[in-house]
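Below is one structure; the comments refer to it alone.
The values are calculated or read from the model by the stated rules, or taken from the named source; none is laboratory data. Just so you know, these numbers come straight off a predicted model, no measurement behind them. Positions of Cβ are backbone-derived with ideal geometry, glycine not excepted, and every protein chain shown enters the neighbour counts.
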Amino acid sequence: MIAAAPDLGIDKLRITTAEPFSELRERLVRHRERGHESGFEEPDLDLRTTPTLLMQEARSIIAIAVAYPSKMKGAPVSEPGKRRGILSRSAWGEDYHRALRRRLAKLDAWIMERVPEAKLMSMVDTGALSDRAVAERAGIGWSGKNCSTLTPELGSWVYLGETITNLPLPPDSAIAEGCGDCTLCIDACPTGALVGPGQLNAQLCISYVTQTKEMVSEEMMAKIGNRLYGCDTCQIVCPVNRKIDIRHHAELIPDPEIAKPLLRPLLKMGNREFREKFGDSSAAWRGRKPIQRNALIALGNFRDAESVPDVAAVLRDDPRPVLRATAAWSLGKIASEEARASLNDALSTEKDPSVTEAIGRALNGREDRTAN
């Protein structure tokens with residue numbers, strides 16, 4: 001099976017047992033008690049850690065890894081009036097859920113041709129099991145201090161998936177942890193979300209925050225920079241990832257205009273245009289609202305005076321209070337005469353208390369230090 005993996009579009013394949021992930025469950029309980037969950041996870045900890053609850057006859061789990069690029073060729077330049085945001089590398093090419101499901105379907109077909117009585121259950125990311133825990137026990141890689149699965153050959157630039165099966169396959173061994181004394185990822189985290197080796201407070205993680213739909217604290221907005229979706233900082237600084245850039249999967253190669261889009265046009269996009277431009281990316285799963293909110297944040301962080309008419313139009317006309325309040329913050333950061341005039345105009349007509357409060361802070365130059 002391992003030998004067949006490259007022909008199936010799989011870069012690494014390993015096998016583990018279907019035994020419960022008991023140590024993981026203990027960590028997840030502590031994680032929940034500390035309030036460090038994102039809210040996107042499967043809430044049932046037993047389902048996340050007990051494969052036989054998903055398939056009663058489970059005997060083995062086949063873990064796969066598919067590498068994606070870490071560098072963008074032909075990246076467009078961000079310049080005044082034409083400022084650009086950035087998607088995280090995991091969202092650069094085709095939605096990885098689709099890319100991996102195709103490969104897992106091919107793997108399932110390969111197995112069924114040889115063992116017609118096999119039972120198989122495949123999942124990618126949105127399944128109950130922890131992809132990283134499966135991959136690490138199977139020997140795909142080790143658990144990095146940045147909470148990513150680090151592979152010796154591909155770094156952490158990999159998508160993970162797995163297939164639970166009733167077949168009693170010989171398991172592979174986990175590989176040794178390779179981070180050593182390095183703490184570059186923890187030191188580089190912009191928000192201190194990596195609260196310890198292998199410990200992430202998702203509530204502080206920019207990758208998580210960019211995917212939420214609610215108002216973001218001003219302290220967090222300042223740290224988001226021009227990120228529209230996700231954050232790669234802890235992976236970029238990792239020495240294991242240095243010089244690794246796997247580009248042999250054509251559908252995962254980024255389109256620079258999607259991966260690093262102009263910000264101002266994002267503010268005017270309707271749902272149809274958003275789906276047409278970003279629908280093939282995993283960044284689209286939460287819809288356009290988070291991306292548009294993050295575009296407003298990026299323009300504010302750029303202090304891009306030429307974008308004031310577009311940002312002011314959001315403050316004046318957008319029906320969503322979160323976007324209007326974010327636009328107010330952005331105009332406050334730009335702080336040009338035109339920006340302040342737009343804030344004063346909006347203040348005279350705005351009815352939503354949360355937005356009028358944001359306008360007031362923007363005009364007074366005060367920062368809201370409420371934690372996100």
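Some points to look at:
- The helices (runs of 4 or more DSSP H) located wholly in segment 276-372 that include 2 or more residues which are touching a Gly at 6+ places or on another chain (Cβ under 8 Å) occupy 288-302, 321-334, 337-347, 353-364.
- Per-region count, segment 34-67, residues of a type in the set (S, T, N, Q), more than 22 Å from the chain's Cα centre (by Cα) and not in a helix (DSSP H, G or I): 3
- In segment 184-218, the residues that are within 18 Å of Arg27 (Cβ to Cβ) and part of a loop (DSSP other than H, G, I, E, B): Ala193, Pro197, Gly198, Asn201, Cys205
- Within segment 111-135, if we keep just the residues that are more than 20 Å from the chain's Cα centre (by Cα) and either assigned to a helix (DSSP H, G or I) or at pLDDT below 95 (or both), the residue that is surrounded by the most Cβ atoms within 10 Å (Cβ to Cβ) turns out to be Ile111.
- Picking from residues in segment 293-306 that are of a type outside the set (A, V, I, L, M, F, W, C) and surrounded by fewer than 23 Cβ atoms within 10 Å (Cβ to Cβ), the one that is farthest from Ser207 (Cα to Cα) is Glu306.
- So Ser38, is it small (Gly, Ala, Ser) and in contact with a Phe, Trp or Tyr (Cβ under 6 Å, 6 or more places away or on another chain): yes
- Which listed residue, of Pro256, Pro309, Pro290, is within 23 Å of Gly85 (Cα to Cα), surrounded by fewer than 17 Cβ atoms within 10 Å (Cβ to Cβ) and touching a residue at least 40 places away in the same chain (Cβ under 8 Å): Pro256
- Check on Glu177, surrounded by fewer than 22 Cβ atoms within 10 Å (Cβ to Cβ), among the charged types (D, E, K, R) and under 23 Å from the mean Cα position of the chain (by Cα): no
- Matching residues in segment 339-366 - criterion: being of a type outside the set (Lys, Arg), surrounded by 15 or more Cβ atoms within 10 Å (Cβ to Cβ) and in contact (Cβ under 8 Å) with a residue 24 or more places away in the chain: Ala339, Ser342, Leu343, Ala346, Glu350, Val355, Ala358, Ile359, Ala362, Leu363
- Any hit, segment 72-80, residues being in contact with a strand residue (DSSP E or B) (Cβ under 9 Å, 6 or more places away or on another chain) and among the hydroxyl-bearing types (Ser, Thr, Tyr): yes
- Here Arg275 fulfils each of the conditions (1) without any contact (Cβ under 8 Å) to a residue 12 or more places away in the chain; (2) within 16 Å of Glu79 (Cβ to Cβ) apart from (2).
- Test: residue in segment 299-322 that is under 26 Å from Asp125 (Cα atoms) and of a type in the set (D, E, K, R): no
- The residue that is farthest from the chain's Cα centre (by Cα), among those in segment 199-234 that are basic (Lys, Arg) and under 23 Å from Gly144 (Cβ atoms), is Lys223.
- Inter-residue pairs, beta-carbon under 9 Å, first on the phi > 0 side of the Ramachandran plot and in the same structural domain as Gly139 (by TED's automatic domain parsing) and in segment 54-66, second surrounded by fewer than 24 Cβ atoms within 10 Å (Cβ to Cβ) and in a loop (DSSP other than H, G, I, E, B), 6+ apart: none
- Qualifying residue in segment 23-33 (condition: assigned to a loop (DSSP other than H, G, I, E, B) and surrounded by 13 or more Cβ atoms within 10 Å (Cβ to Cβ)): no
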